[in-house]
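Engineer: The structure's right below; bear with me while I get my questions together.
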Amino acid sequence: MCIPVYAGHDHFVSCMQSVLAHTPSGCQILVCDDGSPDSRSLELVRRLAQAEDSSAHEVAYLRRERTVGFPANVNGAFAVCSPADVIILNSDCVVAEGWLDGLCAAAYVDSRVATATALTNHGSMVSVPERGIPKRQLPAEWSFDAAAAAVSARSLRVRPRLLTAIGHCVFVRRSALELVGDFDLAFSPGYGEEVDFSQRCLHSGLSHVVADDVLVLHHGGGSFSDDGKKHPVQDAHERIIAARYPYYHDAIKLVENEVAGPLARVLSAARRSLSGLSVVIDARTLAGPMTGTQLHVLELIAALARAGDVRITAIIPDQLSGDVADVLVSLRHVELATRAQAASVAFHRADLVHRPFQINSVEDLSFLARLGERLVVTNQDLIGYHNPAYFRSFARWHGYRRLTRIALAVSDRVVFFSAHARDDALAEDLVEPDRASVVHIGVDHVLSRAGHAPVAPRGSARLPPDAEAMLCIGTDFRHKNRIFALRLLDELQRRHDWRGYLLLVGPRVAEGSSAPDEAEMLALHPRVAEAVIDFAAVTEAEKAWLFDRAGLVVYPTVHEGFGLVPFEAADHGVPCMWAKGTSLSEVLPDVDAGIVPWDVGPSADAALALLRETPARERNLESIRAAAATLTWDSTAARLLELYNATCDAPATPASAIEGGRGLMRGALSEDAMRLVGPGGALPPDVERPLLALANHPQIGAPMFRAMKLGYQASYRLRRRGRTNGDVSDG
């Protein structure tokens with residue numbers, strides 16, 4: 001091991017102490033003093049050699065009569081140490097336990113390795129925790145020994161390749177020196193010699209790797225300048241590098257900016273070991289009335305915040321509902337940002353971005369891809385993927401299917417609420433099994449209803465105080481099967497002369513609604529119509545009032561990615577009946593389902609028992625509560641944190657690394673362009689080729705687009721003038 005020394009005595013003291021403390025005795029230590037003006041370095045080595053705890057180390061001190069510069073000084077060490085390999089350790093570096101073993105393992109991971117470079121706080125592209133940003137100190141909360149141990153423990157030991165060795169701490173194999181020779185003295189007194197040596201090695205078929213389990217503390221500049229400022233010869237030597245290797249500087253920029261690949265992975269792992277995991281959660285759904293998706297997103301953020309092992313930024317809508325805003329503001333370790341703030345250049349890119357609900361537009365995918373190094377998408381279900389009736393036109397459905405396929409292809413991991421939803425996606429070849437993970441969501445909701453005193457919703461006056469009531473919760477999508485709840489009410493009236501009420505709760509949808517079927521049935525069955533109260537969308541406080549009034553919750557959904565309603569009902573002390581099948585059978589026992597699909601006779605009998613018989617009600621509630629005991633938000637957060645870190649550790653998906661995948665989404669096309677030509681885009685496919693031909697025509701293209709631009713500007717000015725004058729007739 002060679003420690004070149006020139007000035008910087010205080011740093012050299014720390015370096016020698018760490019080397020003697022953490023280097024096995026079998027490694028010979030050579031201090032190469034390049035005519036340093038400070039004689040204290042030699043005196044220090046003598047004192048250390050005489051110390052009892054240093055007797056096991058063989059330390060040699062080689063001092064030059066005059067200063068020859070770093071390349072010549074190290075070349076002398078290469079010669080003296082022959083035929084051994086040589087580790088060059090700058091005198092302004094400090095090492096920790098296991099550093100030598102890590103360097104050796106990396107250097108000999110392959111027969112063609114020429115050099116192995118250690119990670120450091122101050123080392124250009126191998127700097128951590130902030131990639132590519134050298135800093136003189138580690139984060140304040142870390143001692144160096146603890147930081148080095150954390151990096152080693154978290155290391156992937158991938159040994160990624162580099163374009164060049166980086167000189168703060170580098171293992172140089174003798175085979176490389178024999179093949180390409182020593183450092184070139186044209187780079188005296190220093191700077192650029194390791195780059196030139198590294199390129200000669202590359203040209204000869206050798207490679208350079210990172211010892212990603214070794215962290216070295218580097219003060220920066222201590223061995224060559226006493227103030228760390230740029231040396232006057234640096235620019236001149238950069239010009240030599242550019243002349244000899246014209247590709248080098250562009251190649252370095254390319255490597256530094258790559259978000260995929262082994263180097264990005266190991267730097268991410270080291271950064272997370274020191275700074276923790278940073279995650280962006282897309283919470284822009286938290287607007288309007290509380291739905292199952294919003295409930296999930298809110299509780300997820302709160303659970304991750306409680307875990308304490310992650311820094312969270314939640315991207316929120318411009319207009320948060322008051323209750324949700326209060327909850328989010330109260331959470332520690334959670335920062336809030338609007339879409340505009342997240343899109344700004346000042347926004348700090350996270351380790352990972354998680355969209356905890358499905359991607360619905362190309363703009364969303366483009367936006368999210370720029371916020372984190374890895375993308376996780378929760379795909380709740382494939383109901384829309386399979387059902388064209390939920391879309392205004394075939395083109396929109398086709399666009400949604402294409403978008404779903406693209407989103408799942410470029411996501412580094414896809415999370416599903418249930419094995420049923422995951423298997424559905426696997427059956428459609430939308431995702432590979434190793435990228436598809438099941439994470440059951442929690443059902444122990446706390447924040448979503450905190451402080452909600454029950455409030456009677458509008459229309460509640462129609463419900464007599466002593467009347468029995470069944471509650472059916474859900475939007476009026478056809479798969480929610482509200483029509484079965486109406487048929488169940490009809491059967492209870494006819495079969496058991498039941499005089500209770502059915503309370504419908506949930507917002508209306510524009511496409512795929514069961515409203516026409518419901519209206520037809522109510523028109524044909526006046527008695528049923530008299531007993532139905534449709535509350536539409538309600539607040540959490542109003543929903544709490546409805547639970548207090550209900551004797552039974554009916555959940556006749558045909559298809560769900562998970563199914564929260566039975567657990568929500570049991571949490572309010574109200575039994576629930578559902579139909580066995582799909583994802584519900586994974587978390588709830590079929591024997592207690594109650595609904596016989598889709599036979600209203602026995603289902604009505606079961607409903608009446610749950611309404612009136614205490615033993616049946618207790619069995620139902622106990623069954624649901626037993627299932628709920630294992631479905632906690634804290635366990636969901638713990639599982640997700642495992643997946644987040646595993647996703648960051650794993651290679652990026654091939655689709656996300658190529659320009660046609662998330663690379664394209666990160667900026668090769670603008671969001672306006674993606675809205676025009678992306679999945680479900682505004683430009684019809686049969687117009688794309690003619691428009692392309694016109695655009696490429698030298699005499700037609702430029703005038704045509706100039707006229708279009710001028711026309712758009714004039715139209716925009718007219719619209720603005722109309723709005724200013726109060727004319728809003730054309731929307």
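Engineer: For segment 176-193, give me the residue count where each residue is over 17 Å from residue 84 (Cβ atoms) and in a helix (DSSP H, G or I).
Structural biologist: The total comes to 5.
Engineer: In segment 107-156, what residues are charged (D, E, K, R) and within 24 Å of residue 203 (Cα to Cα)?
Structural biologist: Pass one, segment 107-156, residues charged (D, E, K, R): 110, 112, 130-131, 135-136, 141, 145, 154.
Passing the criteria: 110, 112.
Engineer: Here is a follow-up. Report, by residue number, each residue of segment 62-99 that is in a strand (DSSP E or B) and over 30 Å from residue 149 (Cα atoms).
Structural biologist: 62, 63
Engineer: Could you please find all residues in segment 117-175 being in a helix (DSSP H, G or I), in contact (Cβ under 8 Å) with a residue 40 or more places away in the chain and among the aliphatic types (A, V, I, L, M)?
Structural biologist: Keep residues of segment 117-175 that are in a helix (DSSP H, G or I), which gives 124-126, 144-154, 174-175.
Retained after the next criterion (residues that are in contact (Cβ under 8 Å) with a residue 40 or more places away in the chain): 124-126, 144-145, 147-154, 174-175.
Matches in segment 117-175: 125, 126, 147, 148, 149, 150, 151, 153.
Engineer: Please go through segment 206-224 and give me each residue that is touching a helix residue (DSSP H, G or I) at 6+ places or on another chain (Cβ under 9 Å) and either on the phi > 0 side of the Ramachandran plot or of a type outside the set (A, V, I, L, M, F, W, C) (or both), ordered by number.
Structural biologist: Once the filter is applied, which keeps residues that are touching a helix residue (DSSP H, G or I) at 6+ places or on another chain (Cβ under 9 Å) and either on the phi > 0 side of the Ramachandran plot or of a type outside the set (A, V, I, L, M, F, W, C) (or both), segment 206-224 yields 207, 208, 212, 213, 219, 222, 223.
Engineer: Further, regarding this structure: Looking at the structure I just gave you, is residue 485 assigned to a loop (DSSP other than H, G, I, E, B), more than 25 Å from residue 298 (Cβ to Cβ), out of contact with any helix residue (DSSP H, G or I) (no Cβ under 6 Å at 6 or more places or on another chain) and not β-branched (Val, Ile, Thr)?
Structural biologist: In short, no.
Engineer: If a residue has to be over 24 Å from the mean Cα position of the chain (by Cα), of a type in the set (A, V, I, L, M) and surrounded by 18 or more Cβ atoms within 10 Å (Cβ to Cβ) to count, how many in segment 148-170 make the cut?
Structural biologist: The number of residues fulfilling the criteria is 6.
Engineer: Six or more apart or on different chains, Cβ under 7 Å: which pairs go from a residue in segment 419-431 that's at negative phi to one that's loosely packed, with under 15 Cβ neighbours inside 10 Å and assigned to a helix (DSSP H, G or I)? Could you list them?
Structural biologist: Filtered contacts from segment 419-431: 426/433.
Engineer: Suppose we filter segment 43-65 for residues that are modelled with pLDDT of 85 or more and among the hydrophobic types (A, V, I, L, M, F, W, C); how many remain?
Structural biologist: Adding up the residues that qualify gives 4.
Engineer: Also: With the condition being under 18 Å from residue 455 (Cα atoms) and either over 37 Å from the mean Cα position of the chain (by Cα) or free of Cβ contacts under 8 Å to residues at least 24 places away in the same chain (or both), I'd like the helices (runs of 4 or more DSSP H) fully within segment 491-580 carrying at least 1 qualifying residues. Working first, answer last.
Structural biologist: On the way: elements: 515-524, 526-530, 540-549, 565-571.
Result: 540-549.
Engineer: Restricting segment 287-323 to residues that are over 28 Å from residue 273 (Cα atoms) and charged (D, E, K, R), which is surrounded by the most Cβ atoms within 10 Å (Cβ to Cβ)?
Structural biologist: 323
Engineer: Another question about this same structure. Those residues that are among the polar types (S, T, N, Q) and either touching an Asp or Glu at 6+ places or on another chain (Cβ under 6 Å) or surrounded by 15 or more Cβ atoms within 10 Å (Cβ to Cβ) (or both), I need them from segment 377-404; list them, please.
Structural biologist: Initial filter on segment 377-404 (among the polar types (S, T, N, Q)): 378-380, 387, 393, 404.
Listed by number, the residues that qualify are 378, 379, 380, 387, 404.
Engineer: In addition: Take segment 34-79 and flag every residue that is among the charged types (D, E, K, R) and in contact with a Pro (Cβ under 8 Å, 6 or more places away or on another chain). Break it down stepwise before answering.
Structural biologist: Narrowing segment 34-79 to residues among the charged types (D, E, K, R): 34, 38, 40, 43, 46-47, 52-53, 58, 63-66.
The answer is 34, and nothing else.
Engineer: In segment 8-56, what count of residues is obtained for those that are assigned to a loop (DSSP other than H, G, I, E, B) and either charged (D, E, K, R) or surrounded by fewer than 19 Cβ atoms within 10 Å (Cβ to Cβ) (or both)?
Structural biologist: Residues in segment 8-56 being assigned to a loop (DSSP other than H, G, I, E, B) and either charged (D, E, K, R) or surrounded by fewer than 19 Cβ atoms within 10 Å (Cβ to Cβ) (or both): 13 in total.
Engineer: On the given criteria, is residue 296 more than 25 Å from residue 365 (Cβ to Cβ) and in a helix (DSSP H, G or I)? Talk me through it step by step, then tell me what you get.
Structural biologist: Details: more than 25 Å from residue 365 (Cβ to Cβ): no; in a helix (DSSP H, G or I): yes.
Here the answer is no, as residue 296 does not meet what is asked.
Engineer: Quick check: anything in segment 697-706 under 26 Å from residue 395 (Cα atoms), at pLDDT 70 or above and surrounded by 10 or more Cβ atoms within 10 Å (Cβ to Cβ)? Give the steps one after another, and end with the answer.
Structural biologist: Filtering segment 697-706 down to residues under 26 Å from residue 395 (Cα atoms) leaves none.
No.
Engineer: Here's a follow-up. Being in contact with a strand residue (DSSP E or B) (Cβ under 9 Å, 6 or more places away or on another chain) and among the polar types (S, T, N, Q) is the filter here; which residues of segment 255-272 pass it?
Structural biologist: Listed by number, the list holds a single entry, 268.
Engineer: So is residue 250 surrounded by fewer than 16 Cβ atoms within 10 Å (Cβ to Cβ), farther than 21 Å from residue 154 by Cα, assigned by TED's automatic domain parsing to the domain that holds residue 411 and acidic (Asp, Glu) or not? Walk me through it before giving the result.
Structural biologist: On the way: surrounded by fewer than 16 Cβ atoms within 10 Å (Cβ to Cβ): yes; farther than 21 Å from residue 154 by Cα: yes; assigned by TED's automatic domain parsing to the domain that holds residue 411: no; acidic (Asp, Glu): yes.
Criteria not met by residue 250.
Engineer: Just to be sure I understand the filter: pairs with C-beta atoms under 6 Å, separated by 6 or more residues or on different chains, first member in segment 294-306 and within 17 Å of residue 353 (Cβ to Cβ), second member part of a helix (DSSP H, G or I). Which pairs pass?
Structural biologist: 304/637
Engineer: Counting only residues that are β-branched (Val, Ile, Thr), within 30 Å of residue 299 (Cβ to Cβ) and more than 39 Å from the chain's Cα centre (by Cα), give me the helices (runs of 4 or more DSSP H) lying completely in segment 583-636 with at least 2 of them.
Structural biologist: none
The values are calculated or read from the model by the stated rules, or taken from the named source; none is laboratory data. Just so you know, these numbers come straight off a predicted model, no measurement behind them. No Cβ is skipped: glycine too gets one built from the backbone with ideal geometry, and neighbour counts run over all protein chains shown.
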